[in-house]
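In what follows, a single structure is set out as structure tokens and then discussed.
Each reported figure results from applying straightforward, stated rules to the coordinates on display, with no laboratory input. What you see is a predicted model, and the numbers here were worked out from it, not measured in a lab. Ideal geometry is used to build each Cβ from the backbone, glycine not excepted, and the neighbour counts take in all protein chains shown.
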Amino acid sequence: MRSDQVLTGLATAALSFGGTIIAAWIARSKPQDGQPGPAQWIITITRWPVIAALFALNAIVGAITYVSTYVHENQSVDATAQIRLDNVKGLLPEQGHAIVEITVKPWRKKALITLQTSDHRPELGTCRISTELQVTPLIAKNPGPTIRTLPGEEFQVDIRPGAEKLSLEVVVINKAKDANCAVDLSVLKVTLSND
């Protein structure tokens, strides 16, 4: 949970609980000796239901605040619009690499990523069907474990706590060993998740 949302939840709960205590203190106070009988009777009758209602309201407000904050902090987020691509056109097998940079906002534990390829020069034939992708996450500029995936297939990358960006180095592999089979790389979808 983000600290500002935790503080908001705690402040809401504290205000609600404080209001309940003040109301309970007022309701518990004794009427003045000179007060007429019906007013004292009304205070006596309504005192405990009012206290019970305020405590129930406090519990409801606290529960709603907690659930709302929890859901907001844990729901999956589509981050497809938060990407930057570099060197993604005309990628030849095992020559050079593409960079996919994802802005991790809001922070989640993992990214679910689907990459796609298309033929760079479709008039010369198709390369896409024989293409695999080798993806290496760069963690603080150091390579993480390499993932082998197919275009259109979702894969998962764990995100370092507190990281604001996730960088991936992508190398094209051609299963038919055709070194001249060039493809263009794109990102179909990126989802940030805690699941």
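Report the Stokes-Einstein translational diffusion coefficient (µm² s⁻¹, integer) for region 46-164, Rh taken as the Kirkwood radius over Cα pairs, at 37 °C with viscosity 0.692 mPa s. In µm²/s, the coefficient is 179. Pairs of Cα atoms under 8 Å, at least six residues apart: use those to get the relative contact order of region 51-195, whole percent. With pairs under 8 Å counted, the relative contact order is 38 percent.
Between residue 164 and residue 121, the contour length at 0.36 nm per residue exceeds the Cα-Cα span by 11.9 nm. Residue ranges 186-193, 71-78, 102-109 sort as 186-193, 102-109, 71-78 when ordered by packing (mean number of other C-beta atoms within 10 Å per residue, highest first).
Only the Cβ atoms of Lys and Arg (+1) and of Asp and Glu (-1) were treated as charged; on that basis the dipole of region 52-192 about its Cα centre amounts to roughly 260 debye. Value of Rg to Rh for region 94-139, rounded to two decimals, is 1.06; Kirkwood radius and Rg both from alpha-carbon coordinates. Here is the size of region 110-181 from its Cα atoms: Rg then Dmax, 14.1, 46 Å.
In region 79-185, taking the dipole from charged Cβ atoms about the Cα centre, the farthest positive-side position among 139, 95, 173 is held by 139. Approximating the spin labels as points 7 Å out from Cα along Cα→Cβ, the residue 71-to-residue 84 distance works out to 3.5 nm.
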